[in-house]
Amino acid sequence: MNILFFLTPKSQVAYVLEDYTLRQAAEKLTFHHYTALPILSEDGKYIGTVSEGDLFRYVKNSAQMNYREAEDTPVCDVPIQREVNPIKSDCNIEDLYHIILNQNFVPVLDDQGIFIGIVTRKSVLGYVFEQLKKQDK
């Protein structure tokens with residue numbers, strides 16, 4: 001099975017660019033009710049994933065941080081606590097299963113390392129559940 005079957009395309013994914021500010025990232029997380037967002041370079045390459053926890057720890061450890069300073073702090077300055085591993089679009093389904101067990105979503109990259117979308121744990125579990133229902137009939 002091709003992992004692209006599970007793909008949510010980039011056009012439907014909320015993400016931040018590397019030059020976004022901490023405030024912009026926080027507002028995007030809040031608006032979409034997400035706990036993490038992929039960070040992309042200007043040319044579309046996947047850099048990493050920033051989480052609410054990463055932002056919180058950064059603000060907490062910056063004793064004098066205020067909302068005004070958050071407008072001047074690039075999101076790339078925020079240390080990322082947990083690495084979210086991407087996969088290539090041509091990887092096999094077994095590799096996807098091993099990664100999706102430990103991540104809510106998996107960024108998907110094309111052959112040039114360009115971010116093309118994500119595979120969510122929800123989509124994989126939904127598929128597995130449907131297959132199990134078919135077997136029970």
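Any residue that is surrounded by fewer than 19 Cβ atoms within 10 Å (Cβ to Cβ) and in a helix (DSSP H, G or I) - is there at least one of those in segment 34-51?
no
Does GLN112 fit the bill of being closer than 20 Å to THR21 by Cα, polar (S, T, N, Q) and part of a loop (DSSP other than H, G, I, E, B)?
Criteria not met by GLN112.
Return yes or no: is ILE116 among the β-branched types (Val, Ile, Thr) and modelled with pLDDT of 90 or more?
Judged against the criteria, ILE116 is a match.
Take segment 58-117 and flag every residue that is among the hydroxyl-bearing types (Ser, Thr, Tyr) and surrounded by 13 or more Cβ atoms within 10 Å (Cβ to Cβ).
Result: TYR58, SER62, THR73, SER89.
Among the candidates ILE118, ILE80, ILE93, which residue alone is closer than 18 Å to ALA14 by Cβ, in contact (Cβ under 8 Å) with a residue 40 or more places away in the chain and either touching a strand residue (DSSP E or B) at 6+ places or on another chain (Cβ under 8 Å) or hydrophobic (A, V, I, L, M, F, W, C) (or both)?
After ruling out the rest, the residue left standing is ILE118.
The values are calculated or read from the model by the stated rules, or taken from the named source; none is laboratory data. What you see is a predicted model; the values in this text were computed from it and never measured. Note that each Cβ is placed from the backbone with ideal geometry, even for glycine, and that neighbours are counted across all protein chains shown.
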